[in-house]
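Written out below as C-alpha cells is the structure these notes cover.
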Amino acid sequence: KIIGARYYVKGFQNAYGPVNATEDYLSPRDIDGHGTHTASTAAGRQVSDVAAFGGFAKGTASGGAPLARLAIYKACWAIPNQPKADGNTCFDEDMLAALDDAIADGVHILSVSIGTAKPLPFEHDVIGLAALEAAKRNILVVCSAGNSGPAPGTLSNPAPWIITVGASSLDRAFFAPVKLGNGLKLIGQSVTPYKMKKMSPLVYAGDVVVPGVPQNVTGQCLPGSLDPNKVKGKIVVCTRGAGLRVGKGLEVKRAGGVGFVLANAKANGNEIVCDAHLLPATALTYDSGIKILEYINSTKNPMAVVSPGRTVLKYKPAPFMAGFTSRGPNVVDPNILKPDITAPGLNILAAWSEASSPSKLPEDKRSVKYNIYSGTSMSCPHVSGAAALLKAIHPDWSIAAIKSALMT
C-alpha cells in the first residue's frame, strides 16, 4: 500500500532546533493521527468491522481509491512544548522540498491537507507555486480550503490550477440527547460512550468561574477557569469560541464535573463537530444551547442527564456546508471562484495513529486504530480518491478534464 515515505525537517530544525523525540518521530512515521487519517481516506484498503472509540460509525471502512498506492511526504511537525491538539507547523522550505520530490518521483496525484493562516498572493504561496510545476507535468493537486469559516475571504490555496476543497456533512449523525429536569429532551450529538447513572445538577460555566476570568470568555471553560467548589458533581454547559472543544471537557473534568454540554456559538449554527470527550458529553446546536440556558435561568434547581451517543444513518438534511469551512470570495484574485468543490469533512471516520489519542490531548491515554475527525483536511482526500478513480478509468485525460468532470 505504502510504496515510499520521506520526511523533510530542515526548515523546522532551523527554527526550533532538533526534534524532541517525545513529541515527534524523526522519520516519516505519524505520531499525530492527521496524516494517517487523510491517507486512509484517499486510498485506504477496505477493512471490515471497524469503528471509532466506543463503537461509533461501525462498518466497513474504505478509502476513495482502495487499490491505489501511497507515497508519503511528511513536512509538518509537532510544535515544541504544545499539545498536539493545537495543530502542527509546516515550514515553507520543508513543504517545497517535499512537493518537489513528489513531482520528481512521478506521483499522479498530490493530496495536500494543509492550509495557511490567511490567503497568500500567488508569488508567496509555496503550495501554489509547487502545484503550478506539478500542473505543467499533468500531476493533479488537490488541497484543503482551510478551516477559518464562516468569515468571508478566508480560504487557503486559491490558485486556479489547484482543486480547492471545502467541507460538508454526510447523512450520518451521532445522537446523544440531554434530558432536562422539566422533561424537555434536547437532541445533541457526541461520539463519547460514557454513561451517567442519574440526573445531576446543571450549571452554566459563566456562573461557576473563579474570580478574574474575563467577562467575554466566562462561559467558554478555558483551562483553569472553573471553580471546583462550584462544579463538583455537576453537569456544566460550556459555549464554543476560544479554546479547544476537547479542552473544554477536560477543564470540566478537572474541576470535578460529572458531565459536559458544549453549546454552539451563533457562528457555528447547526453544525455539530463530534469529539471523543473524557467524560459524559454532548454537543448542541445554537438554538438548543439557548434553550438549555433558558431552562437553567428558569428554575432554582436545574437538573439534567446526558445519554451516551448512538450512530444514526440516513440523517437529514445532508449534505450541508460545515460552518468551519473557509469561505470565498477569493481575495487573491476575485475573478476565480473558490472553493471549487465540497466533499465530506464533518465527523469522518478513518484510520488513526496508535501513537496518538482520539483527542490528541496529552492527558488522554486512550489509543484507537480508527477515529472520527473533522476539517477540510478530511474533505480534500475524498476528492483525491475520486480523482484517482477517474485517472485509472481515463489515463489519457488531462488534469483539467478530471477537475471539470468532478466539478460538474
Q. What length, rounded to one decimal in nm, is gained on full extension from Gln215 through to Leu184, with 0.36 nm per residue of separation minus their alpha-carbon distance?
A. 8.2 nm
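Would you mind telling me the antiparallel percentage of the DSSP bridges in the chain, rounded to 5? Intermediate values should be presented prior to the final figure.
Numbers: 26 of 54 bridges.
Roughly 50 percent of the DSSP beta bridges within the chain come out antiparallel.
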Q. For the chain, modelled as a Gaussian network with Cα springs under 10 Å, which listed residue fluctuates most, Asn297, Asn270, Asn371?
A. Asn297
Q. For segment 173-312, what is the accessible area per residue in Å² when the probe is 1.4 Å?
A. 43 Å²
Q. Tell me, in nm to one decimal, what length is gained between Ala355 and Lys118 on full extension, where the rule is 0.36 nm per residue of separation less the Cα-Cα distance?
A. 82.3 nm
Q.
Need the C-alpha centroid separation for segment 283-315 versus segment 180-255, integer Å.
A. 12 Å
Q: Please go through segment 301-408 and write out the trypsin sites (Lys or Arg not before Pro) that DSSP classes as loop and that have at most 15 other C-beta atoms within 10 Å.
A: Lys314, Lys365, Arg366, Lys369
Q: Give me the distance in nm between label points sitting 7 Å out from Cα along the Cα-to-Cβ direction at Ala392 and Ala104, one decimal.
A: 2.9 nm
Q | Normalised contact order of the chain, rounded percent, pairs of Cα under 8 Å and 6 or more residues apart | A | 23 percent
Q: Scan (i) 144; (ii) 379; (iii) 169 for the value of volume of the Cα convex hull per residue in Å³ calculated from this model and give just the label.
A: (i)
Q. Among 147-156, 177-186, what's the highest-first ranking by average C-beta atoms within 10 angstrom per residue?
A. 147-156, 177-186
Q: Would you look at the GNM of the chain, springs on alpha carbons closer than 10 Å, and say which of Lys74, Lys234, Lys266 moves the most?
A: Lys266
Q: Pop the C-beta distance of Arg69 and Leu132 into the FRET formula with R0 = 25 Å and round what comes out to the nearest 0.05.
A: 0.50
Q) Once label points are set 7 Å from the Cα along Cα→Cβ at both Arg6 and Lys58, what is their separation, rounded to one decimal in nm? A) 4.3 nm
Q) At a Förster radius of 51 Å, what calculated FRET efficiency corresponds to the Cβ-Cβ distance of Ala401 and Asn229, to the nearest 0.05? A) 0.20
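Order 101-108, 165-172 from most to least packed using the mean count of other Cβ atoms within 10 Å.
Taking the mean over residues of other Cβ atoms within 10 Å, the ranking is 165-172, 101-108.
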**Q.** Nearby lysines by direct alpha-carbon distance to Lys74 (threshold 21 angstrom, same-chain neighbours under 8 apart not counted)
**A.** Lys1, Lys10, Lys84, Lys360, Lys369
Q. Rounded to the nearest 0.05, what FRET efficiency is calculated for Lys316 and Ala265 with R0 set to 30 Å and r the Cβ-Cβ distance?
A. 0.80
Q | Partnerless Cys - the chain, beta-carbon criterion under 4.7 Å | A | Cys143, Cys274, Cys380
Q. Considering only the other residues whose Cβ falls under 14 Å of the Cβ of Asn330, what net charge follows from Lys and Arg at +1 and Asp and Glu at -1?
A. 0
Q | Where labels lie 7 Å past Cα in the beta-carbon direction, separation of Thr89 and Thr408 in nm | A | 4.5 nm
Q. Which order, highest average first, do 236-243, 382-389 follow once you tally other Cβ atoms within 10 Å for each residue and take the mean per peptide?
A. 382-389, 236-243
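The values are calculated or read from the model by the stated rules, or taken from the named source; none is laboratory data. Just so it is clear, the structure is predicted and the values come from calculations on it, not from any experiment. Because the Cβ atoms are built from the backbone with ideal geometry, glycine has one as well, and the counts that use them run over all protein chains shown. These accessible areas exclude ligands, DNA and RNA; they are computed on the full protein's heavy atoms, side chains included. Shrake-Rupley method; radii C 1.70, N 1.55, O 1.52, S 1.80 Å.
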